[in-house]
Structures are given as C-alpha cells and as structure tokens.
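To keep things clear, I will list the structure first and then write my remarks on it.
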C-alpha cells in the first residue's frame, strides 16, 4: 500500500493475532494474524473427519419460526419497505413493539417508544453508544474476561479499556467495590454483559442495582448489554422501575439470539430520548437506517401474533437448559471445572484438569486439530495468567445438536491421555493480553 493505516486500527488486535502465541505445534504459524474465531477454525482444518463439533461461536441452533420467515418474505417484496430508506433510528412500529415487549419482560410500564432506537446489530448499538460517551484518552470500565468486540471498539476509538476482574471464586460476577476503585476523572462508563459472553455468568439483580447506583452516584453511564436476557426464567432486574433510570442506564439488545436472526443484523439501544438524539447523529453516519424488511416482519408478529415468538423463545430456552445440563454432566465426569454458565445464555466457562503448564490454547488447538472439537481459550477474552486464565475455556452449547454433546466425553478422555503428566511451563502458550 502507498498510504498509511490509522494507528488506532493498527493498535487494535483483530482479535487475537495468533502471531504472538508460542506453541509446540508448528501449524499454529499458519494461523498468524487471524481473528479469534477464524484462528480456531484454522486449527480445525487439520481435522480430517467431519462434521466438526463446533462449540466456538454463539450461533443459534435452530432457524427462526416459519411465520417469521414468511413475514420477512412478504416485507422483502413490498416496495414500500424493500427499496426505500427508513427512519434513522428504526421503524416506529418496531420501536413501539419492542417497548411493549420490554414492559412485559421487566414488569414495568416505564419503557416507551421514544426510549428505543433500532440499529444494524448489537455491535453497532455498542459502537454508536460509546462514540457518544467517550473520546480518545478517556476511559471505560469493562469486566475481564470481556466480549472481545467491546474491547476492540474501545481501542479502535482510542478509548482506554480499564479491566475489572471477574474472578472464578465469585462465579465470574464483577465486584461493585472493585469497580468504584477504578473510577477516575477520565471514566465515562461501565459496561456489563448479562447473561455474560464469554463466561455465561448471570449477574444477580442486586448486583446490577448496585452498579446502577454506583454509576448514578459518580455521574457516568452504565451500559448494560442484555443480548441473552430471554433465556433466563425471571426478570433480569428491576432497573426500569426506577423513575430515574434514563439518567444513567443505556440498555443494549440483540434480535440475533432471541429470534435466531444473526445474519439480518438487528439490535437496539434503550435509553433516554435526550441520549438517543445524540446517538442518532452517530447512526446517521454508519447505518443511515437499519435493515427494513426484518423490522416490519418482527413488528407485525410481536403486535399480532406474540404467542408465536414467545413459544419459539421458550422452546429455545428449554433446549438450551437441557443442552447445558448434558454438557455439565460430561464436564463433571471428565473432571473439568464449570466456573459459570449452564443457567441461561449460550456459553459455559470451564477449566481443564491438566497440569498448570498446559494452557487452554494448547488444549483447544489439540482438540480442534485431532478431534474436531472447536472451543475458544479464555486468553482470547483477555483472561491472562495472573488470573489463572490460561486454563479456562469458553464453550458455546447453543448450536450443538443434543445427540452430539456426548461425543465430548471420548474427545476429553483422549485429551487426558495426551496431556497426562506433561509440563509445558517452559514452552507454554502466552498472550500479550495478559
């Protein structure tokens, strides 16, 4: 190239570059420079059997309900929607429908249409929100292990991510007291994800209330990403019952998981209308308008046939719980430690039982290459050696057929034989995220 690349892009790991990983396996170097999930699939290309047991990515395990697909087809062929720009902040009918859904889910009437903006995916919801809150040199607190796209966004914008340790002994739920000690005059927001990606931990309502009160007291924003909220049995929290929630809370949501629509790219921001007026300025430069056909389709079903979607979500939630139970049984049988997950959401965070010198990267690489089992090591999520992170692994159970969970048993049994008695402390896998 005859032109330079911005330093903020160069400083952002496209996560994570595997080039900094030292491995005993020579084929690792074929994955240099790949992002996290593609790096794991590059390992799996060494596996000659098929199909893979893919537990790497948070992909829905079933397609959307037929009624939703039919509504999307109708909207996609309607010239009124398919070929024209829509509202910058999303279709009014969907904003209203989502507000009513939130009133049902959270048990409060204090979420209104004017509090909702629709975005082209939840990643865009986060990106646009952060652009409005902080600028280069300022700080945002995020728990570690973190969702890597959140970390990427902050570093790409020149905003300093401040790591708040979420520890195994606390069930990977971050401490409010520890967060308060991290706040400086440069802090602009705290970011929480619950149910969590990557750990699967569900933050208790009391913890969320305490974080809300901390943010409110210190005049910073609380960004609450609740992408997986529909897969837990009780209201996630009561923050929307606080008459002053709009002063502090920025709620993010993704339609990808609840409605099995990851490829359509649809998310939402729920916040005060005054904040949304600034958010829409940012959205105007990066989305113009979110995809229209799927908005119209969802709004029509949420309004006219909510039972179709509620039944689908309930079925998905039930399937996830059964899959988590099967996964937990296999892990316990093979002596792995379940640190979090299993109660809702897509993910579980597990610690392998091998010697401390054997890292999660080595285990994931070996499982992918030799057994076709694809999972992600915790170091991909910023969880380093100082927190015993090198032994932890993220598994997504969402897209795995129930009948294949049991296949893990034989793969992990073979891993026990392979790693038994090995000391990799001198040739271990190290991450510059540590």
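The values are calculated or read from the model by the stated rules, or taken from the named source; none is laboratory data. Since the structure is predicted, the reported quantities are computational estimates derived from the model, not experimental observations. Every residue, glycine among them, receives a Cβ derived from its backbone with ideal geometry; neighbour counts consider all protein chains shown.
Couple of notes before you dig in:
- The helices (runs of 4 or more DSSP H) found wholly in the stretch 254-314 include none carrying at least 3 residues that are buried (at least 20 other Cβ atoms within 10 Å of the Cβ) and out of contact with any helix residue (DSSP H, G or I) (no Cβ under 8 Å at 6 or more places or on another chain).
- Residue among 150, 251 that is under 27 Å from residue 114 (Cβ atoms), in the same structural domain as residue 105 (by TED's automatic domain parsing) and assigned to a helix (DSSP H, G or I): 150
- For residue 45: the one exception among (1) closer than 26 Å to residue 398 by Cβ; (2) surrounded by 14 or more Cβ atoms within 10 Å (Cβ to Cβ); (3) over 22 Å from the mean Cα position of the chain (by Cα): (2)
Rundown of residues vs (1) at pLDDT 95 or above; (2) in a loop (DSSP other than H, G, I, E, B); (3) surrounded by fewer than 18 Cβ atoms within 10 Å (Cβ to Cβ), yes/no style:
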| site | (1), (2), (3) |
| --- | --- |
| 154 | yes, no, no |
| 161 | yes, no, no |
| 173 | yes, yes, no |
| 177 | yes, no, yes |
| 191 | yes, no, no |
| 201 | yes, yes, no |
| 206 | yes, no, yes |
| 209 | yes, no, yes |
| 215 | yes, no, no |
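- The set of residues in the stretch 233-248 being at pLDDT 95 or above and assigned to a helix (DSSP H, G or I) consists of 239, 240, 245, 246, 247.
- Any hit, the stretch 106-121, residues being in contact with a strand residue (DSSP E or B) (Cβ under 7 Å, 6 or more places away or on another chain) and more than 30 Å from residue 158 (Cβ to Cβ): yes
- Some residue of the stretch 367-377 being in a loop (DSSP other than H, G, I, E, B) and within 20 Å of the chain's Cα centre (by Cα): yes
- Selection count where residues are within 28 Å of residue 278 (Cβ to Cβ) and without any contact (Cβ under 8 Å) to a residue 24 or more places away in the chain, scope the stretch 69-94: 1
- Test: residue in the stretch 391-399 that is in the same structural domain as residue 325 (by TED's automatic domain parsing) and over 20 Å from the mean Cα position of the chain (by Cα): yes
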